[in-house]
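Below is one structure, written out as structure tokens; comments come after it.
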Amino acid sequence: MTLSASLCFCQYAIWAAVWVTWNVFLICFYMEVGDLCKDNDLLTFHVSQHQSWWSEHGPGCVRKESPVTGMPGLESHSYVSVVGCAIEYQYIEVLHSATQILLAAAQHRSKHPSI
């Protein structure tokens, strides 16, 4: 193995470890392992009340917006309610993260079958 190939392998190994660790964290976060809570704003660094995109756009979800009226400065805001989701968003997030881990492992195996 040449020096450049060795360096490339090390970079890939570090990135794959970070990627897998992040996805394991997300699985633990959405499954509320330990003290983690999916309703916490930890992923937004306590800056906003944003939630997962899947919480409003999942399979079967019907999103209804009601404009905020009577409050100056909030004309462009609206209340959002979501009903009819076939799968709760946290399970979609867990499946997505698990898929990312499997793809990272498969990519590693295809590049280095002997390891």
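Scan the stretch 82-89 and give yes if some residue there is at pLDDT below 75 and out of contact with any Leu (no Cβ under 9 Å at 6 or more places or on another chain), otherwise no.
To start, the set of residues in the stretch 82-89 that are at pLDDT below 75 comprises none.
Taking every residue of the stretch 82-89 in turn, none turns out to be at pLDDT below 75 and out of contact with any Leu (no Cβ under 9 Å at 6 or more places or on another chain).
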(request) Determine which member of the set GLY70, GLY34 is part of a loop (DSSP other than H, G, I, E, B), exposed (fewer than 13 other Cβ atoms within 10 Å of the Cβ) and either modelled with pLDDT of 85 or more or within 16 Å of the chain's Cα centre (by Cα) (or both). (result) GLY34
(message) Pairs needed: first member in the stretch 39-65, assigned to a loop (DSSP other than H, G, I, E, B) and exposed (fewer than 10 other Cβ atoms within 10 Å of the Cβ); second member anywhere, polar (S, T, N, Q) and modelled with pLDDT of 85 or more; C-beta distance under 7 Å; at least 6 residues apart or different chains.
(response) none
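The values are calculated or read from the model by the stated rules, or taken from the named source; none is laboratory data. Here the structure is a predicted model, which means the values were calculated and not measured. Cβ coordinates were reconstructed from backbone atoms using ideal geometry, including for glycine residues, and neighbour counts include every protein chain displayed.
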